[in-house]
Amino acid sequence: MDEPKTRPGDPRRVFLCAERDRRGVRVASRISVAKPRIATIDTRRVRPPAKIAEAELQTPEHRAWAEEVKRRAGYRCEAIHDGRRCGKAAPAHRMFADHIRERRDGGEPLDPKNGQCLCGSDHSLKTAKARAARFKAWTGAARSRAPYGDSR
Ligand SMILES: [Zn+2]
């Protein structure tokens, strides 16, 4: 059997293999690798911003701030659940220095008073809540600015 050949540009990536049938006649066998028939669509109306390591978070000043925030907390999560501290701690759990008031909401980026030490799940939870609040505020503002009010 000859080497399989791909046709450049063929979206189905058809491989053509020259084979011989029982009488010794060369025939092309087509082995196709089909793409999924159902395309995936992103139905989210609002997409979260891409996760990129921001330059601001890479500076020595930010690292020092983050270290100070975590050190002050004894490397233990400071989130409170039902009146009790979460208390997950490094090194068993990865700790995150979180801006209590997020930078994009005008929070002071390098003030230790605007920092708290959170475990991964509490940090994700807090980030999601802040995003939801920001989106709610944003859509509320957009609605009040709409000249004909909210038609829905
Ligand atoms: Zn926690």
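No value in this document is a laboratory result; all are computed from the given coordinates. Keep in mind that what you see is a predicted model, and the values were worked out from it rather than measured. So basically every Cβ, Gly included, is an ideal-geometry build from the backbone, and we count neighbours across all protein chains shown.
Residues of the range 79-105 being in a loop (DSSP other than H, G, I, E, B) and over 16 Å from Ala130 (Cα atoms), which ones? Across the range 79-105, the qualifying residues are Asp82, Gly83, Cys86, Gly87, Lys88, Ala90, Pro91, Ala92, His93, Arg94. Which ones in the range 97-122 are near the ligand (Cβ under 8 Å from one of its atoms) and under 14 Å from Val69 (Cα atoms)? Result: Leu118, Cys119.
Taken over the range 34-78, the criterion of being among the hydrophobic types (A, V, I, L, M, F, W, C) and not in a loop (DSSP other than H, G, I, E, B) is satisfied by Ala55, Leu57, Ala64, Trp65, Ala66, Val69. The numbered conditions (1) within 22 Å of the chain's Cα centre (by Cα); (2) within 13 Å of the ligand (Cβ to nearest atom); (3) not acidic (Asp, Glu) are all true for Pro48 except (2). Scanning the range 59-96 for residues that are crowded, with 19+ Cβ neighbours inside 10 Å and more than 12 Å from the ligand (Cβ to nearest atom), we see that the one that is nearest to the chain's Cα centre (by Cα) is Ala66.
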